[in-house]
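J.: Structure below; questions to follow.
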Amino acid sequence: MAEVSNKQVILREYVTGFPKESDLYVNSTATIKLKLSEPEHEGSSNKLVLVKNLYLSCDPYQRLLMERIEGYSSQPNSSFTPGSPIFGYGVAKVLDSGHPDLKAGDLVWGTTYWEEYSRIPAPEGLIKIQHTHDVPLSYYTGILGMPGLTAYVGFYEICSPKKGEHVFISAAAGAVGQLVGQFAKLMGCYVVGSAGSKEKVDLLKNKLGFDEAFNYKEEADLNAAFKRYFPEGIDIYFENVGGKMLEAVLLNMRVHGRIAACGMISQYNLDHAEGVTNLMHLVYKRIRLHGFSVSDHYHLHPKFMEFMLPYIRQGKIVYVEDIVEGLESGPRALVGLFKGLNFGKQVVDISA
């Protein structure tokens, strides 16, 4: 059986502090067979799937997997392995399958490896795409994939929004935040987002329909900023940042407010995580702070698709992607997330 080249993105060593492009490298010497062997097809306990990866998703949680960690269970391993390909969410085409529910030609999204071709040993986490040509396939790394489902679950299932409520979203121009803001506007809420550049603030206000937005880097006093944008307080906070942002939000939450803790990107590159003050406001104001992982909610994906697809087709929800071409561009794109270099959902296109 002939082998073909299989370019890969490899983690060099475990990372401390801010990741650098040099922490990752592209291996051009690996090879792979593009067909499973007969025993791999016939083994009763073997459900290998061989895929051609098409789009790879750059997500902030991947920074957590660049260091030796324990107890982080939303991925198949507790962390990346130095010397091996990194992994993450992606879109792929099945080339060969030992799994009864997947066949050659199927399109899937789920966890795969950062390489041209992958042998996936536990494909139960792959979700088959019923692809329609009016929706870009790359959307399954974002609005129709993990980030979209994250936004849907965090806002609707956890925050239980009501019309007219006041909603704040940090990292609002990212893959998840841009959707939460649009969901909130569809509910008739007042929506404010924070981002890290003037261009992103303009995106939130002029394209995504936020009522207000601000550049957190230009706010010396976040508490004062919240008093300005939310004089009556915040009902819902969709938390993507943590640290000083969370501290200031707690001072400005309303009674019975809800916080969906999706991520805390301000903490990912610190050697020692920051503590958070103002936590007694959780008690004073009877605030519900709920951390969640989208992996607990995959059963809602069909319901989510029924909700989301009509809005996309009607143009009532828009999605901004930042797509780079080729595996060689992957390390820079992934590391760029932590410098705020992405403009929308960061995707690596390796479909060619």
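J.: In the range 261-275, which residue that is part of a loop (DSSP other than H, G, I, E, B) and among the small types (Gly, Ala, Ser) is farthest from Glu67 (Cα to Cα)? Before the answer, list the steps.
T.: Filtering the range 261-275 for residues part of a loop (DSSP other than H, G, I, E, B) gives 262-264, 268-275.
Okay, now just the ones that are also among the small types (Gly, Ala, Ser), so 263, 273, 275.
Working: Gly263: 17, Ala273: 14, Gly275: 20 Å.
Step by step, filter the range 261-275, then rank; the result is Gly275.
J.: Right, here's the next one. For the range 215-241, which residues satisfy the criterion of being in a helix (DSSP H, G or I) and not polar (S, T, N, Q)? Can you show your working first?
T.: Applying the first criterion (in a helix (DSSP H, G or I)) to the range 215-241 yields 216-218, 222-229.
Residues satisfying the conditions are Tyr216, Lys217, Glu218, Leu222, Ala224, Ala225, Phe226, Lys227, Arg228, Tyr229.
J.: Across the range 295-305, what is the total count of residues that are modelled with pLDDT under 95 and charged (D, E, K, R)?
T.: Adding up the residues that qualify gives 1.
J.: Restricting to the range 276-314, and then to whatever is polar (S, T, N, Q) and more than 17 Å from the chain's Cα centre (by Cα), can you tell me which residue is farthest from Leu64 (Cα to Cα)?
T.: Filtering the range 276-314 down to residues polar (S, T, N, Q) leaves 277-278, 293, 295, 314.
Remaining after also requiring more than 17 Å from the chain's Cα centre (by Cα): 277-278, 314.
Numbers: Thr277: 23, Asn278: 26, Gln314: 37 Å.
So, considering only residues that are polar (S, T, N, Q) and more than 17 Å from the chain's Cα centre (by Cα), the one farthest from Leu64 (Cα to Cα) is Gln314.
J.: So, in the range 242-260, exactly how many residues are open to solvent by less than 30 Å² (accessible area, probe 1.4 Å) and either β-branched (Val, Ile, Thr) or part of a strand (DSSP E or B) (or both)?
T.: To start, the set of residues in the range 242-260 that are open to solvent by less than 30 Å² (accessible area, probe 1.4 Å) comprises 242-243, 245-250, 252-253, 257-260.
In the following step, the residues that additionally are either β-branched (Val, Ile, Thr) or part of a strand (DSSP E or B) (or both) were identified as 249, 253, 257-260.
Total meeting the criteria: 6.
J.: For the range 1-21, how many residues are under 17 Å from Gln62 (Cα atoms), out of contact with any helix residue (DSSP H, G or I) (no Cβ under 8 Å at 6 or more places or on another chain) and either at pLDDT 95 or above or open to solvent by 50 Å² or more (accessible area, probe 1.4 Å) (or both)? I'd like the intermediate steps shown before the answer.
T.: So the first thing to find is which residues in the range 1-21 are under 17 Å from Gln62 (Cα atoms), and the list is 8-21.
Narrowing further to those that are out of contact with any helix residue (DSSP H, G or I) (no Cβ under 8 Å at 6 or more places or on another chain): 10, 14, 16-17.
Next, from what is left, pick out any that are either at pLDDT 95 or above or open to solvent by 50 Å² or more (accessible area, probe 1.4 Å) (or both): 10, 14, 16.
So the answer is 3.
J.: Would a scan of the range 218-239 turn up a residue that is basic (Lys, Arg) and touching a Gly at 6+ places or on another chain (Cβ under 6 Å)?
T.: Kept after step one, since they are basic (Lys, Arg), are these residues of the range 218-239: 227-228.
Now narrow it down to the ones that are touching a Gly at 6+ places or on another chain (Cβ under 6 Å): none.
Checked the range 218-239: no residue is basic (Lys, Arg) and touching a Gly at 6+ places or on another chain (Cβ under 6 Å).
J.: Could you list all residues from the range 157-180 that are over 17 Å from Thr141 (Cβ atoms) and buried (at least 24 other Cβ atoms within 10 Å of the Cβ)?
T.: As a first pass, look at the range 157-180 and keep what is over 17 Å from Thr141 (Cβ atoms): 157-172, 180.
Hits for the range 157-180 are Cys159, Val167, Phe168, Ile169, Ser170, Ala171, Ala172, Val180.
J.: So the check is Cβ under 9 Å with 6+ separation or different chains; which pairs have a first residue in the range 22-48 that's hydroxyl-bearing (Ser, Thr, Tyr) and a second one that's exposed (fewer than 14 other Cβ atoms within 10 Å of the Cβ) and modelled with pLDDT under 90?
T.: Partner pairs satisfying both residue conditions: Ser37/Met1.
J.: Quickly run through the range 287-313 and pick out the residues that are farther than 14 Å from Cys159 by Cβ and in contact with a strand residue (DSSP E or B) (Cβ under 9 Å, 6 or more places away or on another chain). Please lay out each step first, then the result.
T.: Step one: list which residues in the range 287-313 are farther than 14 Å from Cys159 by Cβ, which gives 293-296, 298-313.
Of everything in the range 287-313, those that are farther than 14 Å from Cys159 by Cβ and in contact with a strand residue (DSSP E or B) (Cβ under 9 Å, 6 or more places away or on another chain) turn out to be Tyr298, His301.
J.: For Lys207, indicate whether it is farther than 23 Å from Ala260 by Cβ, among the basic types (Lys, Arg) and more than 22 Å from the chain's Cα centre (by Cα).
T.: On the way: farther than 23 Å from Ala260 by Cβ: yes; among the basic types (Lys, Arg): yes; more than 22 Å from the chain's Cα centre (by Cα): no.
No; evaluated as a whole, the condition is false for this residue.
J.: Continuing with the same structure: Of all residues in the range 146-160 being among the small types (Gly, Ala, Ser) and assigned to a helix (DSSP H, G or I), which is nearest to Ile259 (Cα to Cα)?
T.: Going through the range 146-160, the residues among the small types (Gly, Ala, Ser) turn out to be 148, 151, 154, 160.
Add one more test, that the residue is assigned to a helix (DSSP H, G or I), and what stays is 148, 151, 154.
Details: Gly148: 18, Ala151: 13, Gly154: 9 Å.
Taking the candidates together, the pick is Gly154.
J.: Here's something else I'd like to know. Of the residues that sit in the range 189-214 and are in a helix (DSSP H, G or I) and of a type in the set (Asp, Glu), which one is surrounded by the fewest Cβ atoms within 10 Å (Cβ to Cβ)?
T.: The first filter runs over the range 189-214 and keeps only residues in a helix (DSSP H, G or I), leaving 198-206.
Among the residues that remain, those that are also of a type in the set (Asp, Glu) are: 199, 202.
On the way: Glu199: 11, Asp202: 13.
Once the filter is applied, the top-ranked residue is Glu199.
J.: While we're on this one: Given the structure, is Ile317 among the hydrophobic types (A, V, I, L, M, F, W, C) and either in contact with a strand residue (DSSP E or B) (Cβ under 8 Å, 6 or more places away or on another chain) or on the phi > 0 side of the Ramachandran plot (or both)?
T.: Working: among the hydrophobic types (A, V, I, L, M, F, W, C): yes; either in contact with a strand residue (DSSP E or B) (Cβ under 8 Å, 6 or more places away or on another chain) or on the phi > 0 side of the Ramachandran plot (or both): no.
Considered against the rule, which asks whether it is among the hydrophobic types (A, V, I, L, M, F, W, C) and either in contact with a strand residue (DSSP E or B) (Cβ under 8 Å, 6 or more places away or on another chain) or on the phi > 0 side of the Ramachandran plot (or both), Ile317 comes out as no.
J.: Next question. Filter the range 162-175 for residues that are touching a Cys at 6+ places or on another chain (Cβ under 6 Å) and either over 18 Å from His290 (Cα atoms) or not in a strand (DSSP E or B) (or both) and give the result. Break it down into steps so the answer makes sense when it comes.
T.: Step one: list which residues in the range 162-175 are touching a Cys at 6+ places or on another chain (Cβ under 6 Å), which gives 165, 167.
Glu165 - this is the single residue of the range 162-175 that is touching a Cys at 6+ places or on another chain (Cβ under 6 Å) and either over 18 Å from His290 (Cα atoms) or not in a strand (DSSP E or B) (or both).
J.: From the set of residues in the range 298-351 that are part of a strand (DSSP E or B) and in contact (Cβ under 8 Å) with a residue 60 or more places away in the chain, which is most open to solvent (accessible area, probe 1.4 Å)?
T.: Our first condition is that a residue be part of a strand (DSSP E or B); within the range 298-351, this holds for 321-325, 345-349.
Next, only the ones that are in contact (Cβ under 8 Å) with a residue 60 or more places away in the chain stay: 321, 323, 345-349.
Values: Glu321: 52, Ile323: 69, Lys345: 1, Gln346: 12, Val347: 0, Val348: 0, Asp349: 23 Å².
So the residue we want is Ile323.
The values are calculated or read from the model by the stated rules, or taken from the named source; none is laboratory data. In this text the structure is predicted, and so the values were computed from the model without any measurement. With ideal geometry, Cβ positions are generated from the backbone for all residues, glycine too; neighbour counts draw on all protein chains shown. Just so you know, the surface numbers come from the protein's heavy atoms only, side chains and all, with ligands and any DNA or RNA stripped out. Shrake-Rupley method; radii C 1.70, N 1.55, O 1.52, S 1.80 Å.
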